[in-house]
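Below is one structure, written out as structure tokens; the observations come after it.
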Amino acid sequence: MAGSALRRLIAEYKQLMSNPPEGILAGPSTEENFFEWEALIVGPEGTCFEGGVFPAKLSFPADYPLSPPKMQFTCEMFHPNIYTDGRVCISILHAPGDDPMGYESSSERWSPVQSVEKILLSVVSMLAEPNDESGANVDAAKMWREDRKQFEKIADKLVRKSLGIPA
Amino acid sequence: MGDQTAQSKQTENTVAEINQDELIMQQQRQIEKEIQDTTPLVGEKESLKALESEYTTDEIYLSKAKNLAQIYSFLRRTRPDGNCFFRAFTYAYLEKLLNNKEEYTKFRELARKSKDDLVELGFPQFTIEEFHDTLMEVIDKVGESGENGHAELHKLFNEQTYSDYIVVYLRLITSGQLQKEAEFYQNFIEGDRTVKEFCHQEVEPMYKESDHIHIIAMSTALNTGVRVRYMDRGAGTEVTAHDFPEGSIPSVHLLYRPGHYDILYP
């Protein structure tokens, strides 16, 4: 099992290296272990996360790509679809069936033809357009809905922090 | 102060909600694990009499099981994991091809070419390669095993990776067919979804159950026929038959009981 997962991860890494999508950098943390990746995501232009560079890690299961990886930001984040510990909660990262509330029936699901690139692009869209219906961080979802100004202020602080600029 | 209480209450609710979600998922995994431990991916051939004994206290199903036993002799069960249609079909079809060299060669050629069709439809090559290679490997191994073809087929289909990779590839072929004939299949899709969205949500992900539309698209893509016998609580004492695509000559017979497919043999 792990053999095919490894082959696939190597192929995806090569693909990302030769054809890198804008604003995304990703690859294995070390040469020894292709099942743990690090990624850098640039906050999309025209959004309150613009210009930030946010680090995250991806952990792949032994049966990848039958099952999706898990993704977690390793910097401080405040966003409706990111848990306070950094775990990302979007539909493409859910195995089919892992949707007890049924609120994601109409969105993109994980399948073996998805890829790391697709996940990271979805995360960029998620930064640009939070989904306040699936609240991984209910406080952030509430603030996004009811006090956008305050949300943008916090986002701006996180952007500066990610760049090492004092607030 | 009042605000703070409200906020901490909300946080509590969130925690409760998450726990509820995770509990449901945990329970689901537990059930899946029990099924995994007790049911092989593809079982041995059994007499249809075994089915009758399952329904001794259920008159409707018992009469249908008796009816089924008049038409067919054997049953082969598959694991009920949402992939059963694709797994059952491919197993039964390859089994049939073992006795038909000409059709085997045709199918091998069709399978070989199918990857280029999928790439043309926009599937990234690096995501489909392994699945296609696995299907070709299984087709070849089974075909080259001569008298041991059946045993080889049974062995490979009960190895999780081989078995699941074949299911993935059959799902992709099905998705490709739906997208190729999107205009036609759009009429059968409920809700406000395009064919592409339907494929992303209901066809390509593993463990998603198959409906008529999956069966029609797959059998059309493979240029073969499937007869499904429906056994449910509906009126009558007979198991109704549906042929996919309509009017085709079935090369595989499947038994459908709500939510699940098994293989039937004359």
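The values are calculated or read from the model by the stated rules, or taken from the named source; none is laboratory data. These numbers come from a predicted model, not from an experiment. FYI the Cβ positions are ideal-geometry reconstructions off the backbone, even for glycines, and counts take in every protein chain you see. Note: accessible area is taken over every heavy atom of the protein model, side chains too, but ligands, DNA and RNA are not part of it. Shrake-Rupley method; radii C 1.70, N 1.55, O 1.52, S 1.80 Å.
In the stretch B:235-255, the residue that is surrounded by the fewest Cβ atoms within 10 Å (Cβ to Cβ) out of those that are more than 20 Å from residue B:78 (Cβ to Cβ) and polar (S, T, N, Q) is B:237. The set of residues in the stretch A:50-94 that are of a type in the set (Gly, Ala, Ser), surrounded by fewer than 21 Cβ atoms within 10 Å (Cβ to Cβ) and closer than 23 Å to residue A:153 by Cβ comprises A:51, A:86.
Tallying residues that are more than 21 Å from residue B:226 (Cα to Cα) and surrounded by 17 or more Cβ atoms within 10 Å (Cβ to Cβ) within the stretch B:86-125 yields 4. Scanning the stretch A:39-69 for residues that are in a strand (DSSP E or B) and within 21 Å of residue A:4 (Cα to Cα) yields A:58, A:59. Total residues in the stretch A:139-152 satisfying the condition of being out of contact with any Pro (no Cβ under 8 Å at 6 or more places or on another chain) and within 19 Å of residue A:72 (Cβ to Cβ): the figure is 1.
Every residue, every condition in (1) away from chain B (no Cβ under 11 Å); (2) within 17 Å of the chain's Cα centre (by Cα), yes or no:
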| residue | (1), (2) |
| --- | --- |
| A:16 | no, yes |
| A:23 | yes, yes |
| A:34 | yes, no |
| A:57 | yes, yes |
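Screening residue B:81 with (1) over 20 Å from residue A:4 (Cβ atoms); (2) touching a residue at least 60 places away in the same chain (Cβ under 8 Å) gives one miss only, at (1).
Let's see how each residue does on (1) open to solvent by less than 30 Å² (accessible area, probe 1.4 Å); (2) without any contact (Cβ under 8 Å) to a residue 12 or more places away in the chain:
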| residue | (1), (2) |
| --- | --- |
| B:187 | no, yes |
| B:194 | no, no |
| B:211 | no, yes |
| B:222 | yes, no |
| B:233 | no, no |
| B:266 | no, no |
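Within the stretch B:27-45, the set of residues being exposed (fewer than 13 other Cβ atoms within 10 Å of the Cβ) and in contact with a His (Cβ under 9 Å, 6 or more places away or on another chain) comprises just one member, B:44.
Among the residues of the stretch B:143-153, is there at least one that is loosely packed, with under 15 Cβ neighbours inside 10 Å and either under 25 Å from residue B:175 (Cβ atoms) or in contact with a strand residue (DSSP E or B) (Cβ under 6 Å, 6 or more places away or on another chain) (or both)? So far as the stretch B:143-153 goes, no, none of its residues is loosely packed, with under 15 Cβ neighbours inside 10 Å and either under 25 Å from residue B:175 (Cβ atoms) or in contact with a strand residue (DSSP E or B) (Cβ under 6 Å, 6 or more places away or on another chain) (or both). Selection over the stretch A:123-158 of residues that are small (Gly, Ala, Ser), out of contact with any Phe, Trp or Tyr (no Cβ under 7 Å at 6 or more places or on another chain) and within 14 Å of chain B (Cβ to nearest Cβ) gives a count of 2. Contact annotation: residue pairs with Cβ atoms under 7 Å, 6 or more positions apart or on different chains, pairing a residue in the stretch A:8-23 that is assigned to a loop (DSSP other than H, G, I, E, B) with a partner that is at pLDDT 90 or above and among the charged types (D, E, K, R), are A:21/A:117. Looking only at the stretch A:129-159, residues that are in contact with an Asp or Glu (Cβ under 7 Å, 6 or more places away or on another chain) and surrounded by fewer than 16 Cβ atoms within 10 Å (Cβ to Cβ) come to 1 in all. The set of residues from the stretch A:1-44 being within 30 Å of residue A:130 (Cβ to Cβ) and charged (D, E, K, R) comprises A:12, A:22, A:36, A:38.
The residue that is farthest from the other protein chains (Cβ to nearest Cβ), counting only those in the stretch B:127-160 that are of a type in the set (S, T, N, Q) and touching a residue at least 12 places away in the same chain (Cβ under 8 Å), is B:158. Apart from one condition, residue B:177 fits all of (1) touching a residue at least 40 places away in the same chain (Cβ under 8 Å); (2) over 22 Å from residue B:246 (Cα atoms); (3) of a type outside the set (Asp, Glu); (4) away from chain A (no Cβ under 14 Å); the exception is (2).
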